[in-house]
Amino acid sequence: MKKSFLLLLILTISILAEEFTANKVCKACHPLIYKEYVSSMHFKSTIFRDKIHRKIFSIHPLSKKERYQCAKCHTPTDKELLNKCESSQKAMPKSDSKGQQEAISCSYCHRIKDIKEHAKMNQNIINDKKRYFYADDKNIEGVKEYSIKKGVFVSRSGSPYHTIDTTNELFKNGKVCLGCHSHKRNQKDFLICKTEFEDSSKENCITCHMPKVGGSFVNHIDTKIHRYHGFSGVFNTPEFLSKYIELSIKKDKFLTIKIKNRAPHNIFLHPMRVAALKVTITNKGKKIAEFEKRFLKIYGKNGKKAPLWEATEILKDTTLKAKESKNVTFEYIPKEKDVIKVEFGFYIINPVLAKKLDLKEFSDFKVLRTVIF
């Protein structure tokens with residue numbers, strides 16, 4: 001009893017002492033959620049954990065001026081750094097700072113009260129109550145020990161740490177992610193990325209990238225299932241997203257592969273990503289032919305390739321749009337007894353760019369979906 005009280009006292013003091021509740025405090029009651037979270041790119045969002053982010057910033061013009069202006073999304077809990085960024089002061093991340101250790105923390109995301117839209121990029125509005133968290137009631141379903149009072153879950157058994165507000169529409173429609181993942185304009189006022197949604201879709205950021213998986217979200221109540229907090233994407237559990245790609249085949253004069261993107265937004269939104277279709281044909285165990293078709297976006301300025309911060313135009317765009325289907329024809333005449341393996345996947349970084357940036361470990365082809373015909 002004394003140990004439980006002491007633990008409670010220590011955790012409560014920790015919460016009260018910090019602007020954002022520390023991730024390890026959340027771990028005390030949500031160990032499975034925490035385990036998933038530390039595997040995610042939210043946890044690995046800093047320049048000290050994300051090699052690509054570190055490399056890109058190192059060649060960005062602001063790096064030479066010691067003005068790290070990525071904190072707003074990459075390390076929003078580092079308030080000292082964030083304040084300096086917003087006032088255009090010289091500021092660089094410090095590996096030992098609390099904000100860098102916390103990265104995009106549990107309590108930061110669960111305290112997003114609203115999103116303010118801006119032309120350049122959106123802004124998260126954080127509530128000023130340190131232990132007042134938002135969640136979707138569908139994400140905590142199965143909790144019989146809770147009752148609803150004015151739309152807010154109140155624990156009968158007593159949670160000593162926080163309130164759970166389930167009335168915030170951003171957590172119901174998945175748009176809580178659009179403070180950071182909506183759009184971005186560079187210093188030239190050119191739109192370099194945008195998440196275009198089909199609002200009519202029943203699926204959203206949460207349902208796709210945080211699918212329901214087995215296991216309880218809290219250790220003192222067996223809820224059977226919970227929302228996955230590893231945030232599925234190209235770096236983590238991409239297999240969860242494979243169902244959004246459909247592949248079919250047509251054997252006419254030449255071989256045609258049909259790809260359908262079932263996702264409510266373009267496939268692979270990040271400007272450095274490259275989607276690819278690979279086809280391998282074997283006959284009686286012998287490889288006969290191999291093809292590849294890439295889908296990408298190339299940025300430029302004055303008709304020539306340019307880095308994202310200098311770009312003013314798109315030179316090429318073959319990416320798969322929301323709900324779009326594409327037919328890809330290869331000049332191969334199908335033969336009897338051909339075994340045709342079709343793979344759809346991605347390169348985390350365009351292989352040409354990866355070589356130039358010395359990031360070759362991110363240039364391997366990753367398979368998202370395989371179908372054999």
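The values are calculated or read from the model by the stated rules, or taken from the named source; none is laboratory data. Given the structure is predicted, the values throughout are model-derived calculations rather than measurements. Virtual Cβ from ideal backbone geometry, glycine too; neighbours counted across all protein chains shown. Each accessible area value is taken on the protein alone, full model and side chains, heavy atoms only, with ligands, DNA and RNA left out. Shrake-Rupley method; radii C 1.70, N 1.55, O 1.52, S 1.80 Å.
Tabulated results
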item	result
Criterion (at pLDDT below 90, β-branched (Val, Ile, Thr) and touching a helix residue (DSSP H, G or I) at 6+ places or on another chain (Cβ under 7 Å)) met by exactly one of ILE10, ILE15, ILE52, ILE47	ILE15
Residue in segment 215-224 that is surrounded by 14 or more Cβ atoms within 10 Å (Cβ to Cβ) and farther than 18 Å from CYS26 by Cα present	no
Residue list for segment 48-69, restricted to those being touching a Cys at 6+ places or on another chain (Cβ under 8 Å) and not basic (Lys, Arg)	HIS53, PHE57, TYR68, GLN69
Every pair of residues 6+ apart whose Cβ atoms lie under 6 Å, when the first sits in segment 81-96 and is within 14 Å of THR46 (Cα to Cα) and outside any helix (DSSP H, G or I) while the second is charged (D, E, K, R) and open to solvent by 70 Å² or more (accessible area, probe 1.4 Å)	MET92/GLU66
Output for segment 251-286, where each listed residue is without any contact (Cβ under 8 Å) to a residue 24 or more places away in the chain and not in a loop (DSSP other than H, G, I, E, B)	LYS286
Out of GLU336, GLU310, sole residue that is farther than 27 Å from PRO264 by Cβ, over 24 Å from the mean Cα position of the chain (by Cα) and modelled with pLDDT of 95 or more	GLU310
Single residue of LYS337, LYS366, LYS287, LYS356 found to be over 26 Å from ILE257 (Cβ atoms) and open to solvent by 70 Å² or more (accessible area, probe 1.4 Å)	LYS356
Hey, ALA322 over 15 Å from MET272 (Cβ atoms), out of contact with any Phe, Trp or Tyr (no Cβ under 7 Å at 6 or more places or on another chain) and open to solvent by less than 60 Å² (accessible area, probe 1.4 Å) or not	yes
Some residue of segment 291-301 being assigned to a loop (DSSP other than H, G, I, E, B) and more than 20 Å from the chain's Cα centre (by Cα)	no
Qualifying residue in segment 115-124 (condition: at pLDDT below 80, outside any loop (DSSP other than H, G, I, E, B) and either touching a strand residue (DSSP E or B) at 6+ places or on another chain (Cβ under 6 Å) or among the hydrophobic types (A, V, I, L, M, F, W, C) (or both))	no
Single condition LYS64 does not satisfy, out of (1) closer than 20 Å to ALA311 by Cβ; (2) exposed (fewer than 15 other Cβ atoms within 10 Å of the Cβ); (3) modelled with pLDDT of 95 or more	(3)
Pairs with Cβ under 7 Å, 6+ apart, first in segment 230-244 and more than 10 Å from CYS208 (Cα to Cα), second among the aliphatic types (A, V, I, L, M) and open to solvent by less than 30 Å² (accessible area, probe 1.4 Å)	VAL234/ILE348; PRO238/LEU368; SER242/LEU368
Criterion violated by SER248 - all others in (1) within 16 Å of CYS109 (Cβ to Cβ); (2) at pLDDT 95 or above; (3) small (Gly, Ala, Ser) satisfied	(1)
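The rows are residues; the columns are (1) surrounded by fewer than 20 Cβ atoms within 10 Å (Cβ to Cβ); (2) modelled with pLDDT under 95.
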{"position": "LYS253", "(1), (2)": "yes, yes"}
{"position": "ILE259", "(1), (2)": "no, no"}
{"position": "ALA275", "(1), (2)": "no, no"}
{"position": "LYS301", "(1), (2)": "yes, no"}
{"position": "LEU315", "(1), (2)": "yes, no"}
